[in-house]
Amino acid sequence: MAVADTSGLRARTREALKESLAETAIELFDERGYDQVTVNDIATAAEISTRSFFRYFPSKEDVVFGSRIPTAEKVREAFVAKLGDTDIWSALHATFREGSIWMEEDAASWKRIMRVITHTGELRAKNLEKHLAWSAALSPEVARRLEAHDDTADLEARAVVSAALGCFEVALSQWADSEDARPLPEIIDRVFAFIRIRPPLD
(Lines give C-alpha, C1' and ligand atoms only; values in the text may rest on other atoms or scores of the structure.)
Protein backbone atom coordinates (compact mmCIF):
# COMPACT_ATOMS: atom_id res chain seq x y z
CA MET A 1 0.00 0.00 0.00
CA ALA A 2 1.46 3.35 -1.06
CA VAL A 3 2.14 5.96 1.61
CA ALA A 4 0.67 9.36 0.83
CA ASP A 5 3.22 12.15 0.41
CA THR A 6 2.19 14.83 2.88
CA SER A 7 5.14 17.18 2.25
CA GLY A 8 3.21 19.19 -0.35
CA LEU A 9 0.22 19.54 1.95
CA ARG A 10 2.45 20.67 4.81
CA ALA A 11 4.09 23.28 2.60
CA ARG A 12 0.74 24.63 1.42
CA THR A 13 -0.59 24.72 4.98
CA ARG A 14 2.50 26.57 6.19
CA GLU A 15 2.21 29.10 3.36
CA ALA A 16 -1.47 29.68 4.10
CA LEU A 17 -0.69 30.26 7.78
CA LYS A 18 2.12 32.63 6.87
CA GLU A 19 -0.16 34.66 4.60
CA SER A 20 -2.83 34.82 7.31
CA LEU A 21 -0.27 35.99 9.86
CA ALA A 22 1.03 38.66 7.48
CA GLU A 23 -2.51 39.90 6.81
CA THR A 24 -3.18 40.18 10.54
CA ALA A 25 0.05 42.13 11.05
CA ILE A 26 -0.57 44.51 8.14
CA GLU A 27 -4.08 45.27 9.42
CA LEU A 28 -2.65 46.14 12.84
CA PHE A 29 0.09 48.31 11.30
CA ASP A 30 -2.48 50.16 9.21
CA GLU A 31 -4.86 50.71 12.14
CA ARG A 32 -2.38 51.62 14.89
CA GLY A 33 0.82 52.60 13.11
CA TYR A 34 3.81 50.35 12.43
CA ASP A 35 5.89 51.67 15.33
CA GLN A 36 3.04 51.21 17.79
CA VAL A 37 2.62 47.48 17.08
CA THR A 38 4.93 44.90 18.67
CA VAL A 39 5.60 41.33 17.62
CA ASN A 40 3.75 40.28 20.77
CA ASP A 41 0.71 42.31 19.63
CA ILE A 42 0.74 40.48 16.30
CA ALA A 43 1.15 37.07 17.92
CA THR A 44 -1.70 37.77 20.34
CA ALA A 45 -4.04 38.90 17.55
CA ALA A 46 -3.13 35.81 15.50
CA GLU A 47 -3.53 33.55 18.56
CA ILE A 48 -0.01 32.16 18.33
CA SER A 49 3.10 32.49 20.49
CA THR A 50 5.80 35.07 19.84
CA ARG A 51 8.15 32.18 19.21
CA SER A 52 5.83 30.87 16.51
CA PHE A 53 5.82 34.30 14.84
CA PHE A 54 9.59 34.09 14.37
CA ARG A 55 9.22 30.70 12.69
CA TYR A 56 7.50 32.54 9.84
CA PHE A 57 9.15 35.97 9.83
CA PRO A 58 12.59 37.12 11.02
CA SER A 59 11.25 40.60 11.87
CA LYS A 60 8.31 42.99 11.66
CA GLU A 61 9.86 44.56 8.57
CA ASP A 62 9.91 41.23 6.79
CA VAL A 63 6.14 40.96 7.31
CA VAL A 64 5.66 44.11 5.21
CA PHE A 65 8.13 43.35 2.44
CA GLY A 66 8.77 39.60 2.44
CA SER A 67 8.73 38.35 -1.15
CA ARG A 68 5.97 40.76 -2.26
CA ILE A 69 8.19 43.41 -3.83
CA PRO A 70 9.75 42.23 -7.11
CA THR A 71 13.52 41.96 -7.24
CA ALA A 72 15.57 44.30 -9.41
CA GLU A 73 16.33 41.42 -11.76
CA LYS A 74 12.63 40.62 -12.23
CA VAL A 75 11.90 44.26 -13.05
CA ARG A 76 14.81 44.38 -15.50
CA GLU A 77 13.61 41.20 -17.23
CA ALA A 78 10.09 42.59 -17.55
CA PHE A 79 11.42 45.82 -19.06
CA VAL A 80 13.66 44.05 -21.59
CA ALA A 81 10.71 41.88 -22.65
CA LYS A 82 8.63 45.00 -23.32
CA LEU A 83 11.33 46.69 -25.40
CA GLY A 84 10.76 44.43 -28.37
CA ASP A 85 7.39 46.02 -29.03
CA THR A 86 7.83 49.72 -28.32
CA ASP A 87 10.09 52.67 -27.43
CA ILE A 88 11.95 53.08 -24.12
CA TRP A 89 9.47 55.33 -22.31
CA SER A 90 6.49 53.23 -23.35
CA ALA A 91 8.35 50.08 -22.27
CA LEU A 92 8.98 51.58 -18.81
CA HIS A 93 5.30 52.54 -18.62
CA ALA A 94 4.26 49.02 -19.62
CA THR A 95 6.62 47.45 -17.08
CA PHE A 96 5.19 49.37 -14.14
CA ARG A 97 1.66 48.98 -15.44
CA GLU A 98 2.09 45.21 -15.55
CA GLY A 99 3.04 45.20 -11.88
CA SER A 100 0.07 47.39 -11.06
CA ILE A 101 -2.33 44.86 -12.59
CA TRP A 102 -1.53 42.11 -10.08
CA MET A 103 -1.52 44.68 -7.25
CA GLU A 104 -5.03 45.71 -8.29
CA GLU A 105 -6.16 42.08 -8.09
CA ASP A 106 -5.58 42.24 -4.32
CA ALA A 107 -6.24 45.95 -3.97
CA ALA A 108 -7.42 46.08 -0.34
CA SER A 109 -4.33 44.29 0.94
CA TRP A 110 -1.89 46.22 -1.25
CA LYS A 111 -3.42 49.58 -0.30
CA ARG A 112 -2.87 48.75 3.37
CA ILE A 113 0.71 47.72 2.65
CA MET A 114 1.45 50.92 0.74
CA ARG A 115 -0.11 53.08 3.47
CA VAL A 116 2.04 51.37 6.09
CA ILE A 117 5.18 51.87 3.99
CA THR A 118 4.54 55.52 3.10
CA HIS A 119 3.61 56.49 6.67
CA THR A 120 6.65 54.86 8.34
CA GLY A 121 10.08 56.43 7.94
CA GLU A 122 11.98 53.17 8.44
CA LEU A 123 9.91 51.39 5.81
CA ARG A 124 10.05 54.31 3.35
CA ALA A 125 13.84 54.09 3.54
CA LYS A 126 13.74 50.34 2.88
CA ASN A 127 11.38 50.85 -0.05
CA LEU A 128 13.69 53.53 -1.45
CA GLU A 129 16.57 51.03 -1.30
CA LYS A 130 14.52 48.62 -3.40
CA HIS A 131 13.64 51.32 -5.93
CA LEU A 132 17.30 52.37 -6.16
CA ALA A 133 18.13 48.75 -6.92
CA TRP A 134 15.46 48.78 -9.66
CA SER A 135 17.01 51.96 -11.07
CA ALA A 136 20.48 50.44 -11.03
CA ALA A 137 19.19 47.43 -12.97
CA LEU A 138 17.12 49.40 -15.50
CA SER A 139 19.48 52.29 -16.26
CA PRO A 140 22.19 50.26 -18.05
CA GLU A 141 19.53 48.67 -20.27
CA VAL A 142 18.22 52.11 -21.21
CA ALA A 143 21.73 53.57 -21.68
CA ARG A 144 22.70 50.70 -23.98
CA ARG A 145 19.92 51.75 -26.33
CA LEU A 146 20.82 55.44 -26.17
CA GLU A 147 24.53 55.17 -26.96
CA ALA A 148 23.98 56.08 -30.59
CA HIS A 149 22.48 59.44 -29.58
CA ASP A 150 25.49 61.05 -27.84
CA ASP A 151 27.98 60.63 -25.00
CA THR A 152 25.42 61.48 -22.30
CA ALA A 153 23.56 58.18 -22.60
CA ASP A 154 24.25 57.14 -19.00
CA LEU A 155 23.06 60.46 -17.57
CA GLU A 156 19.97 60.48 -19.77
CA ALA A 157 19.17 56.88 -18.89
CA ARG A 158 19.28 57.54 -15.16
CA ALA A 159 17.10 60.64 -15.57
CA VAL A 160 14.50 58.76 -17.61
CA VAL A 161 14.39 55.79 -15.22
CA SER A 162 14.09 58.16 -12.24
CA ALA A 163 11.18 59.90 -13.97
CA ALA A 164 9.44 56.55 -14.50
CA LEU A 165 9.95 55.54 -10.88
CA GLY A 166 8.61 58.92 -9.81
CA CYS A 167 5.47 58.37 -11.88
CA PHE A 168 5.02 54.93 -10.32
CA GLU A 169 5.39 56.29 -6.77
CA VAL A 170 2.95 59.17 -7.39
CA ALA A 171 0.39 56.73 -8.79
CA LEU A 172 0.80 54.36 -5.82
CA SER A 173 0.39 57.20 -3.33
CA GLN A 174 -2.76 58.45 -5.08
CA TRP A 175 -4.21 54.96 -5.20
CA ALA A 176 -3.46 53.99 -1.60
CA ASP A 177 -4.12 57.23 0.26
CA SER A 178 -6.93 59.04 -1.52
CA GLU A 179 -10.60 58.47 -2.15
CA ASP A 180 -9.83 57.96 -5.85
CA ALA A 181 -11.82 54.86 -6.82
CA ARG A 182 -10.04 54.33 -10.13
CA PRO A 183 -8.00 51.13 -10.49
CA LEU A 184 -4.22 51.43 -10.18
CA PRO A 185 -3.44 50.61 -13.85
CA GLU A 186 -5.67 53.51 -14.91
CA ILE A 187 -3.91 55.88 -12.52
CA ILE A 188 -0.53 54.64 -13.79
CA ASP A 189 -1.63 55.44 -17.36
CA ARG A 190 -2.76 58.92 -16.38
CA VAL A 191 0.44 59.82 -14.48
CA PHE A 192 2.78 58.48 -17.17
CA ALA A 193 0.86 60.52 -19.75
CA PHE A 194 1.85 63.72 -17.94
CA ILE A 195 5.49 63.19 -18.97
CA ARG A 196 6.59 63.94 -22.52
CA ILE A 197 10.03 62.74 -23.53
CA ARG A 198 11.53 64.68 -26.42
CA PRO A 199 12.99 63.56 -28.71
CA PRO A 200 11.32 60.14 -28.58
CA LEU A 201 13.53 57.48 -27.02
CA ASP A 202 13.79 54.50 -29.32
- [ ] At 7 Å along the Cα-to-beta-carbon direction for both V80 and H119, put a label point, then send me their distance in nm to one decimal.
- [x] 4.0
Task: Sequence-distant residues sharing a close amide H with I48 (under 5 Å, placed H) - done: none
Task: Positive-end residue of F192, M114, V63, charge dipole of the chain with Cβ unit charges - done: V63
Task: Accessible-area composition of the stretch 84-189, carbon plus sulfur, in percent [1.4 Å probe] - done: 52
Open item on the list: Helix-only estimate, please: 222 nm mean residue ellipticity of the chain, summing -39500 (n - 2.57) across DSSP H runs of length 4 or more and dividing by its residues, to the nearest 500.
Closed with: -23500 deg cm²/dmol
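Note down the relative contact order for the chain as a percent, whole number, built from C-alpha pairs under 8 angstrom at least six residues apart.
The value is 22 percent.
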Open item on the list: Not counting ligands, DNA or RNA, and with a 1.4 Å probe, what is H119's accessible surface area in Å² rounded to the nearest 10?
Closed with: 120
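Which is the longest run of the chain containing none of the GluC sites (Glu not before Pro) found in DSSP loop states (not H, G, I, E, B) with at most 13 other C-beta atoms within 10 Å? Intermediate values should be presented prior to the final figure.
Working: sites that count: E47, E147, E179.
Answer from the scan: 48-146.
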Open item on the list: Starting from the 7 Å offset along Cα-to-Cβ, what nm value, one decimal, do you get for the label separation of I197 and D180?
Closed with: 2.1
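Kindly report the accessible area of the stretch 66-119 per residue (heavy atoms of protein chains, probe 1.4 Å, no ligands, DNA or RNA), in Å².
On the way: 2580 Å² over 54 residues.
That works out to 48 Å² for each residue.
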Open item on the list: Modelling each spin label as a point 7 Å along the Cα-to-Cβ direction, I'd like the S59/E19 distance in nm, to one decimal.
Closed with: 2.6
TODO: Please report how far the C-alpha centroid of the stretch 16-65 lies from that of the stretch 127-148, rounded to the nearest whole angstrom.
DONE: 33
Task: ³J(HN,Hα) computed for each position of the stretch 57-74 - Karplus, 6.51 cos²θ - 1.76 cosθ + 1.60, integer Hz, glycine/proline x - done: 9, x, 7, 4, 4, 5, 4, 6, 8, x, 9, 5, 7, x, 6, 4, 5, 5
Task: Answer label for log10 I(q)/I(0) by the Debye sum over Cα atoms at q = 0.08, 0.15, 0.19 Å⁻¹ (calculated), chosen among [x] -0.35, -0.97, -1.30; [y] -0.31, -0.93, -1.28; [z] -0.30, -1.05, -1.59 - done: [x]
Task: Net charge dipole size for the chain [Lys, Arg +1 and Asp, Glu -1 on Cβ; Debye, nearest 20] - done: 420
Task: Over the stretch 53-129, relative contact order from alpha-carbon pairs under 8 Å, at least 6 apart, % - done: 21
- [ ] Could you grab the relative contact order for the stretch 126-192? Cα pairs under 8 Å, six or more apart, rounded to a whole percent.
- [x] 25
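The values are calculated or read from the model by the stated rules, or taken from the named source; none is laboratory data. All values reported here derive from a predicted model rather than from experimental measurement. So basically every Cβ, Gly included, is an ideal-geometry build from the backbone, and we count neighbours across all protein chains shown. SASA here: full protein model, heavy atoms, side chains in, ligands and nucleic acids out. Shrake-Rupley method; radii C 1.70, N 1.55, O 1.52, S 1.80 Å.
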